[in-house]
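One structure below.
The values are calculated or read from the model by the stated rules, or taken from the named source; none is laboratory data. Predicted model only: the values in this text are computed from it and were never measured. Note: ideal-geometry Cβ built from the backbone for every residue, glycine included; neighbour counts use all protein chains shown.
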Amino acid sequence: MSLPAELKYAPTHEWCLQNSDGSFSVGITDFAQVALGDIVFIELPQVGQMLIAEQPCAVIESVKSASDIHAPISGVVIAIHDALISAPESINSNPYGSWLFIIQPTDAKMSVLLDAHQYGALIGQ
């Protein structure tokens, strides 16, 4: 399993990609989608919702279980990936291309985020 070097990773298995406008796209890692199994439902945060770093902000359900998705950074949701609501299984086939929501950070602190090497060590890779 390869970990894209351009991403930052949360210990709770979310990834972040900084966009050119300073916002961040957020998704779940390949490790997370493998652990979940076949994803069948996703509940995303609402546009305009304020998220707090490390706090649950969404829910993802698979045939095995339901899991919280945590905000990797604090900020305001500026977009959600609407297509995932009707096709959540696409996360299984492309976890790093299936962003869940985009957040505009309100706090530049990203100290809890890991680089690919650190995240790889966390998951035993």
Just checking, which of 64, 8 is crowded, with 16+ Cβ neighbours inside 10 Å and basic (Lys, Arg)?
-> 8
Within the stretch 73-125, residues part of a helix (DSSP H, G or I) and under 15 Å from residue 8 (Cβ atoms) come out as 116, 117, 118, 119, 120, 121, 122
Those residues of the stretch 51-72 that are in contact with a Gly (Cβ under 8 Å, 6 or more places away or on another chain), of a type outside the set (Gly, Ala, Ser) and part of a strand (DSSP E or B) come to a total of 1
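Conditions tested, residue by residue: (1) touching an Asp or Glu at 6+ places or on another chain (Cβ under 9 Å); (2) at pLDDT 95 or above.
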position: 26; (1), (2): yes, yes
position: 36; (1), (2): yes, no
position: 46; (1), (2): no, yes
position: 70; (1), (2): yes, yes
Answer yes or no as to whether residue 119 is among the hydroxyl-bearing types (Ser, Thr, Tyr) and surrounded by 21 or more Cβ atoms within 10 Å (Cβ to Cβ).
-> yes
Yes/no for residue 48 being surrounded by fewer than 14 Cβ atoms within 10 Å (Cβ to Cβ), touching a residue at least 60 places away in the same chain (Cβ under 8 Å) and in a loop (DSSP other than H, G, I, E, B) = no
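The rows are residues; the columns are (1) in contact with a Leu (Cβ under 8 Å, 6 or more places away or on another chain); (2) over 16 Å from residue 119 (Cα atoms).
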{"site": "12", "(1), (2)": "no, no"}
{"site": "22", "(1), (2)": "no, yes"}
{"site": "67", "(1), (2)": "yes, yes"}
{"site": "83", "(1), (2)": "no, yes"}
{"site": "99", "(1), (2)": "yes, yes"}
{"site": "104", "(1), (2)": "no, yes"}
